[in-house]
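Asks: Here it is, the structure, as structure tokens.
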Amino acid sequence: MRPFEYSNPATLDAALGAIGPAARPLAGGTDLLTLLKADLVAPERLVNVKALLPRGIRAQPEGLEIGALTTLGEIENDRVVRDGYTALAQAAALAATPQIRNLATVGGNLLQRPRCWYFRNARIDCWLKGGADCPARDGENRNHAILGGGPCHAVHPSDIVPALLAFDAAVRLAGPRGERWIELEDFMRAPSDERRTETLLAPDELVVAVRLPPHPEPTRSVYLKAMDRKAWAFALAGVACALRFAGRKIAHARIVLSGVAPVPWRAADAERELLGREADPGRFAKAAEAALQGARPLRHNGYKVPLQKALVRKALDTLTQHHAARVS
């Protein structure tokens, strides 16, 4: 870790004036500190924003607003989230150890960087850090992307972002030009040559809040993930699924995959396979096939294709059983 200055501004405006390419904001710090210790980032200054950003979960006319400093533990245990946005509570509960969940914030979770071992190794000049190529493409790629890969094949590590996407969430950003709302689906973007990050956040902006729009009742949701150990690991594959039923037919569907792409992957083809159709195992199998139809596995991660299909089928079956139990 290299030396840096520490700034403790008294107002949000002062903090926004202090951050930029050479100065990084510090809130929970669960990802930033690992990047600092690995010498992957070396800001000249850290700007403390812990007392300046909103924390808590509040019902607003436009929907449920979650402050950027709200911890994953608070999301996991919030009754409104558990009852109305179940997949989000489940994703928060599966994200990490209790100690980390009580410190990690929703704003930081949106912005965390990949856990790819090539990216996290300061001695390897990977594409995502400004290099010419992605060593995972022909290297050790068991945990890497099968969808949307290239030029970077790392996967996005978040569990809660897929769940937020399944509820059509939006993000509130603040910067020197004022505040703006952006759809989370637009905010999350696979890295490009011009922007080697996973979001559209500008260097002088902060994530202030996330908003979940109100949804008609009953919308049922679930988050499932497969890990290489029983608990507290990053997803090898995962799925956030939200369904709304009209009788036995599916009136609304959102399916977002985790652990298989550079950013959480919305399976729009699978959603179209479900809309207006009866909920049955045959339809779920077709939806799972549609969700993975564009998969391009690398040498060592082909196992993710059947694993991800199985998770999609299981999520759909779980929600259908819950719906049937509630209406019977």
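The values are calculated or read from the model by the stated rules, or taken from the named source; none is laboratory data. What you are looking at is a predicted structure, and each value in this text was computed from that prediction instead of being measured. Because the Cβ atoms are built from the backbone with ideal geometry, glycine has one as well, and the counts that use them run over all protein chains shown. Heavy atoms of the whole protein, side chains included, go into the accessibility calculation; ligands, DNA and RNA do not. Shrake-Rupley method; radii C 1.70, N 1.55, O 1.52, S 1.80 Å.
Asks: Counting just the residues of the stretch 185-198 that are in contact (Cβ under 8 Å) with a residue 40 or more places away in the chain and outside any loop (DSSP other than H, G, I, E, B), which one comes out most open to solvent (accessible area, probe 1.4 Å)?
Replies: Of everything passing the filter in the stretch 185-198, Glu185 is most open to solvent (accessible area, probe 1.4 Å).
Asks: In the stretch 133-152, is there at least one residue being part of a helix (DSSP H, G or I), of a type in the set (Gly, Ala, Ser) and open to solvent by 20 Å² or more (accessible area, probe 1.4 Å)?
Replies: Within the stretch 133-152, not a single residue is part of a helix (DSSP H, G or I), of a type in the set (Gly, Ala, Ser) and open to solvent by 20 Å² or more (accessible area, probe 1.4 Å).
Asks: Also, I was wondering about something else. Give the number of residues within the stretch 227-286 that are basic (Lys, Arg) and assigned to a strand (DSSP E or B).
Replies: Qualifying residue count for the region: 4.
Asks: Please count how many residues of the stretch 196-243 are farther than 22 Å from Leu274 by Cβ and of a type in the set (A, V, I, L, M).
Replies: Number satisfying all stated conditions: 13.
Asks: Could you grab me the full set of residues in the stretch 155-184 that are touching a residue at least 24 places away in the same chain (Cβ under 8 Å) and either part of a loop (DSSP other than H, G, I, E, B) or of a type in the set (S, T, N, Q) (or both)?
Replies: Val155, His156, Pro157, Ser158, Asp159, Phe167, Asp168, Ala169, Pro176 - these are the residues of the stretch 155-184 that are touching a residue at least 24 places away in the same chain (Cβ under 8 Å) and either part of a loop (DSSP other than H, G, I, E, B) or of a type in the set (S, T, N, Q) (or both).
Asks: Every residue in the stretch 110-151 that is within 16 Å of the chain's Cα centre (by Cα) and either under 11 Å from Leu40 (Cα atoms) or free of Cβ contacts under 8 Å to residues at least 60 places away in the same chain (or both), please.
Replies: Within the stretch 110-151, Arg113, Cys116 qualify.
Asks: Among the numbered criteria (1) within 17 Å of Gln321 (Cα to Cα); (2) open to solvent by less than 40 Å² (accessible area, probe 1.4 Å), which single criterion is violated by Gly247?
Replies: Of everything listed in (1) within 17 Å of Gln321 (Cα to Cα); (2) open to solvent by less than 40 Å² (accessible area, probe 1.4 Å), Gly247 misses just condition (2).
Asks: What number of residues within the stretch 199-242 are out of contact with any Pro (no Cβ under 6 Å at 6 or more places or on another chain), open to solvent by 50 Å² or more (accessible area, probe 1.4 Å) and either among the hydrophobic types (A, V, I, L, M, F, W, C) or under 22 Å from Asn301 (Cβ atoms) (or both)?
Replies: 5
Asks: A further question on this structure: Within the stretch 14-67, restricting attention to residues that are over 23 Å from the mean Cα position of the chain (by Cα), at pLDDT 95 or above and charged (D, E, K, R), which residue is farthest from Glu205 (Cα to Cα)?
Replies: Checked the stretch 14-67; the qualifying residue farthest from Glu205 (Cα to Cα) is Glu44.
Asks: Now, a different point. Name the one entry in Pro25, Pro43 that is assigned to a strand (DSSP E or B) and within 25 Å of Ala190 (Cβ to Cβ).
Replies: Just a single option satisfies the conditions, and that option is Pro25.
Asks: Among what's in the stretch 265-288 and is open to solvent by 60 Å² or more (accessible area, probe 1.4 Å) and touching an Asp or Glu at 6+ places or on another chain (Cβ under 8 Å), pick the residue that is farthest from Asp186 (Cα to Cα).
Replies: Looking at the filtered set, the residue picked out is Pro281.
Asks: Given the criteria acidic (Asp, Glu) and out of contact with any Lys or Arg (no Cβ under 7 Å at 6 or more places or on another chain), does Asp31 qualify?
Replies: So Asp31 does not fit the description; no.
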